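The values are calculated or read from the model by the stated rules, or taken from the named source; none is laboratory data. Just so you know, these numbers come straight off a predicted model, no measurement behind them. Virtual Cβ from ideal backbone geometry, glycine too; neighbours counted across all protein chains shown.
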Amino acid sequence: MNCSGCSPIYPIEDQGTLYLRPVFPVLLELLRTLGVHVEHSDEAIWMNYTNAESVQNWLEAIQKLEVIRPESITVQVTPIHEQADQAGWISLQMMKARFEHADLVSIILNNQFSSHMQPIVDANEQIVGFEFLLRPSENGTPFSPYNLFEVARDTGLHSFLDRTARITAIETSAAFLPHGVKRFVNFLPSSIYNPEFCLTHTFEAIERLELDPKDFVFEVVETEQIQHMSILQHIFSVYRSRGMSVALDDVGAGYSTIELMNRLEPDFVKIDRSLIDQCDRDPVKQQQIIDIVKMSRRFGGRVLAEGIERMEEFDFCRSIGIELAQGYYFGKPSAKPPQGPYRQTSA
């Protein structure tokens, strides 16, 4: 199996070959009027270029053609004289976005980022795990993780970035953490087309580094994007079949996350920071949190309070039976974890 998320992705260089399909006569005519040396077959049009600015100009001109819908055209860029890959075609708009955001695309394709670790503690404030969060590389180009993922989505690179970020987190955990410490790793369900195939790289990295699958908790984010519950249930099933746990993030905020929690029954339930903030002073928030804890107990989910910044918030959470917590009160994300020892968790 192959798809656009797993096919070779070439960086945009000042030299290469641009492929277009299908072969519209009006498209050939336009390119020739622009002075482009064009070749074509029955399946595709292609032309070599010697600077990226030329390609941008061609794509903009194509997008303005009134007799062709831009969304009907797919595009591919390869190193010069390389053949187009069967699965590497993307939309005209995505390719245009790759040129417009070339700096962030370069960060994604060249893996110029790192994983920082934020501690997760138990009710006794002992570190039992870490969440891995994407950050710029040391001495690398600064970026906002949110913007990087938005650009990845706009450019068709979100599957590539999500997979690479997961593997970076796994490798970082191998370098710094002992066996028995939980490693919470985020994943985007929209980036996983076929769990058995798309997660192969993740499972191979864990095996290659001789890590224990039981130490890993894969945490689903972007729950508002979930349109087909059966797909996410299948993803959870594949992770669990390999001995790993799953978590649902941001419960209590966003789109129907409490309903999602009840349908998915994750191993870990992470309560959104918007509910935790000032929860010791807010009876409405307290009741919402208590309800989530009660619902989680029905299916055996362990509850984690996110965004703890004050001891009073932590005290309230402990008083109602929340076992795990995370937030600036215990530590900010950092390139290296604090010195152990860490407490192992049986879950």
Inset, instruction - Would you check if there is a residue in segment 146-167 being of a type in the set (Ser, Thr, Tyr), modelled with pLDDT of 95 or more and part of a helix (DSSP H, G or I)? - result: yes
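Mind checking whether some residue in segment 179-190 is crowded, with 18+ Cβ neighbours inside 10 Å, among the hydroxyl-bearing types (Ser, Thr, Tyr) and touching a residue at least 12 places away in the same chain (Cβ under 8 Å)?
Looking for residues that are crowded, with 18+ Cβ neighbours inside 10 Å, among the hydroxyl-bearing types (Ser, Thr, Tyr) and touching a residue at least 12 places away in the same chain (Cβ under 8 Å), one finds none in segment 179-190, hence no.
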Inset, instruction - Answer yes or no: is there a residue in segment 2-22 that is without any contact (Cβ under 8 Å) to a residue 40 or more places away in the chain and more than 30 Å from Thr164 (Cα to Cα). - result: no
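Condition check: surrounded by fewer than 16 Cβ atoms within 10 Å (Cβ to Cβ) and either among the hydroxyl-bearing types (Ser, Thr, Tyr) or in the same structural domain as Ser191 (by TED's automatic domain parsing) (or both). Does Gln286 satisfy that?
No; evaluated as a whole, the condition is false for this residue.
So in segment 168-178, with the set limited to residues that are of a type outside the set (S, T, N, Q) and either in contact with a helix residue (DSSP H, G or I) (Cβ under 9 Å, 6 or more places away or on another chain) or assigned to a helix (DSSP H, G or I) (or both), which one is surrounded by the fewest Cβ atoms within 10 Å (Cβ to Cβ)?
Filtering first and then ranking leaves Ala175.
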Inset, instruction - Counting only residues that are in contact with a Ser or Thr (Cβ under 7 Å, 6 or more places away or on another chain), give me the helices (runs of 4 or more DSSP H) lying completely in segment 255-347 with at least 1 of them. - result: 257-264
Inset, instruction - Read through the list (1) within 21 Å of the chain's Cα centre (by Cα); (2) at pLDDT 90 or above; (3) not small (Gly, Ala, Ser), then give the number of the only condition that Pro189 fails. - result: (2)
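For every residue, the table says whether it meets (1) within 24 Å of Tyr328 (Cβ to Cβ); (2) surrounded by 15 or more Cβ atoms within 10 Å (Cβ to Cβ).
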| residue | (1), (2) |
| --- | --- |
| Ser237 | no, no |
| Ser241 | no, no |
| Gly252 | yes, yes |
| Glu265 | no, yes |
| Arg273 | yes, yes |
| Cys279 | yes, yes |
| Met295 | no, yes |
| Phe299 | no, no |
| Glu306 | yes, yes |
Legend entry - Tally of residues being surrounded by fewer than 14 Cβ atoms within 10 Å (Cβ to Cβ) and either on the phi < 0 side of the Ramachandran plot or not assigned by TED's automatic domain parsing to the domain that holds Pro22 (or both) across segment 70-86: 6
